[in-house]
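**Q** One structure, pasted below without further comment.
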Amino acid sequence: MARFWKLLVMICFLIIIDQITKGMTQSYFRFEGESLPVIDGFFSFTYVKNPGAAFGMGGQASPWLRQLMFLFVPTVFSVWVVYMLVKTIKGPVHMSLAYALIFAGAVGNLIDRYTLGYVVDFFLFYYKEHDFPAFNVADSCITVAAGLLIFDMLLAMKKKSTTDQSAASSQS
């Protein structure tokens, strides 16, 4: 149960940091697209209003479809993530951490969608004319969680491979 409370504190902390950094971005910049170089030619803080999903996908869809895709579905998904978090709380720590990070990221972006109608992004990495789509703290949480889930999948594959090899050698 101690892990649950630690994860709950982490979730709250990440949501607060996400919202504070988005608020600071909106306060500092007057217009979308304004930018503050941090590492010239590589990284800047840039104010981006993202009405879509990752990389802006679906941002041009009709309003009712955007509400379905970016409000209703993520809200239902967040409930499922809480279920998975509770289900994995006594399992490997990386799994409950992954679900906690997904939940924190989903809630951080849902707050924006419900209050603003878009998500505030501001981390922008680029090189010359090539850039990676802007993102925020909530997106970072989800990305780290995806890495943890991939790590878990690789562990499961390795375990299955080892089990299959052991079974094959014991049958010979």
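**Q** As I understand it, the value is the acute angle between the Cα axis of helix 73-88 and the longest principal axis of the Cα atoms of the chain; what does it come to in degrees, rounded to 10?
**A** 40 degrees
**Q** Okay, moving on. Please report Rg (one decimal) and Dmax (integer) in Å for the Cα set of segment 100-172.
**A** Over segment 100-172's Cα set, Rg and Dmax evaluate to 19.9, 64 Å.
**Q** At 222 nm, what helix-only mean residue ellipticity would the chain give, in deg cm²/dmol to the nearest 500, using -39500 (n - 2.57) for each DSSP H run of four or more?
**A** -21500 deg cm²/dmol
**Q** Glu34's amide H: which non-local residues (gap 5+, or another chain) put their own amide H closer than 5 Å, with H modeled 1.01 Å from N in plane and none for Pro or chain starts?
**A** Here Tyr47 satisfy the definition.
**Q** Right, here's the next one. Compute for segment 1-51: radius of gyration divided by Kirkwood radius, i.e. Rg/Rh, restricted to C-alpha atoms, rounded to two decimals.
**A** Reported Rg/Rh (Cα atoms, Kirkwood Rh): 1.18.
**Q** Scan segment 22-68 for trypsin sites (Lys or Arg not before Pro) in coil per DSSP, keeping those whose Cβ has at most 14 other Cβ atoms within 10 Å, and list them by number.
**A** Those satisfying the criteria are Arg30.
**Q** If you don't mind, there's one more thing I want to ask. With charges only on Cβ, +1 for K and R and -1 for D and E, what is the dipole size of the chain about its Cα centre, in debye, rounded to 20?
**A** Here the size comes out at about 700 debye.
**Q** If you line up the Cα atoms of the chain on their principal axes, what length do they span on each, largest first, in Å?
**A** 70, 37, 35
**Q** Next question, about the same structure. Please give the helix 2-28 orientation as an angle from the longest Cα principal axis of the chain, in degrees from 0 to 90, rounded to the nearest 10.
**A** The helix 2-28 is inclined about 20 degrees to the chain.
**Q** How big is the dipole moment of segment 1-92 about its Cα centre under a simple scheme where the beta carbon of each Lys and Arg is +1, that of each Asp and Glu is -1, and everything else is neutral? Debye, nearest 20, please.
**A** I would put it at about 480 debye.
**Q** If you don't mind, there's one more thing I want to ask. Quantify, in whole percent, the carbon and sulfur part of the accessible surface of segment 78-166 (1.4 Å probe; protein heavy atoms only).
**A** Roughly 72 percent, rounded to a whole number.
**Q** Compute the semi-axes of the equivalent ellipsoid of segment 75-141, taking the square root of 5 times each eigenvalue of the Cα gyration tensor, and list them largest first in whole Å.
**A** Working: eigenvalues 153, 56, 9 Å².
Square roots of five times the eigenvalues give 28, 17, 7 Å.
**Q** How tilted is helix 137-171 with respect to the longest principal axis of the chain? Cα atoms for both, answer in degrees (0 to 90, nearest 10).
**A** Approximately 20 degrees, to the nearest 10.
The values are calculated or read from the model by the stated rules, or taken from the named source; none is laboratory data. For clarity, every value in this text was computed on a predicted model and none was experimentally measured. Here Cβ is always computed from backbone atoms with ideal geometry, including for glycine, and neighbour counts include all displayed protein chains. Areas reflect the complete protein model, heavy atoms only, side chains present, ligands, DNA and RNA absent. Shrake-Rupley method; radii C 1.70, N 1.55, O 1.52, S 1.80 Å.
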